[in-house]
1. So if each residue of separation counts as 0.36 nm, and I subtract the Cα-Cα distance between L118 and E22, what length gain in nm does that give?
2. Extension gain I62-L110, at 0.36 nm per residue separation less the Cα-Cα distance, in nm?
3. Name the residue, out of I62, I117, I131, whose mean-square fluctuation peaks in a Gaussian network model built on the chain with Cα pairs under 10 Å.
4. Only four residue types carry charge here, +1 at the Cβ of Lys and Arg and -1 at the Cβ of Asp and Glu. Report the dipole size of the stretch 95-147 about the Cα centre in Debye, rounded to the nearest 20.
5. What is the magnitude of the charge dipole of the stretch 11-142 about its Cα centre, with +1 placed on the Cβ of each Lys and Arg, -1 on the Cβ of each Asp and Glu, and no other charges, expressed in debye to the nearest 20?
6. Semi-axes of the chain's equivalent ellipsoid from the Cα gyration tensor, sqrt of 5 times each eigenvalue, largest first, rounded to whole Å?
7. Just to verify a number: FRET efficiency for M97 and L39, C-beta to C-beta distance, R0 = 41 Å, to 0.05?
8. Which log10 I(q)/I(0) values does the stretch 85-147 give at q = 0.16, 0.23 Å⁻¹ under the Debye formula, counting every alpha carbon as one identical point scatterer?
Amino acid sequence: MSADEACRFGILTASDRATAGEYEDRSGPAIKQFLEDALTSPWEVSRRLVEDDQEFIEQALIDLCQEGCSVIITTGGTGPAPRDVTPEATEAVCERMLPGFGEQMRQISLNFVPTAILSRQVAVVRKSSLIINLPGQPRAIQETLEL
């Protein structure tokens, strides 16, 4: 990527209720807002909203990688509930695990909520894309990304 070329970010929200229209996806826009506030170089974003379904999440991650996203940030589906399968989908498409990211994100979140230890966030590399799982709440996203 040259200096004047825009970096492409992927934002993937995994949420049964948001895809069903039961509520508005606030997590994906929170990530986009963070990028707008933090970045000064040119960048673009591709967004996806999918159900909490491992196949759908895997395919969306693969698609975002093929679109040339350098960084893909997921939100939602990282808890211990049966439908929370974002880490499994992320690991299924990965080529290399980056375990320190998940450990650090949990440590940061523990400063704010004791239940952060239940989060199963992971970070991986697929081809030339870094994929990072974030929690599903906008406040938790902000706390994790700011530190």
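Throughout, read-outs are computed from the coordinates displayed, never taken from laboratory work. Because the structure is predicted, anything quoted here is derived from the model rather than measured. Cβ sites come from the backbone with ideal geometry, for glycine too, and all protein chains shown count toward neighbours.
1. Values: separation 96, 0.36 × 96 = 34.56 nm, distance 2.52 nm.
Stretched out fully, the L118 to E22 stretch lengthens by 32.0 nm.
2. Numbers: separation 48, 0.36 × 48 = 17.28 nm, distance 3.08 nm.
Full extension from I62 to L110 adds 14.2 nm.
3. Largest GNM mean-square fluctuation: I117.
4. Numbers: 6 positive and 4 negative charges, 42 e Å.
The calculation lands at about 200 debye.
5. Details: 12 positive and 19 negative charges, 86 e Å.
Here the size comes out at about 420 debye.
6. Working: eigenvalues 91, 62, 52 Å².
After scaling each eigenvalue by five and taking roots: 21, 18, 16 Å.
7. Values: r = 26 Å, r/R0 = 0.64.
With R0 = 41 Å, the Cβ-Cβ based efficiency is 0.95.
8. -0.49, -0.93
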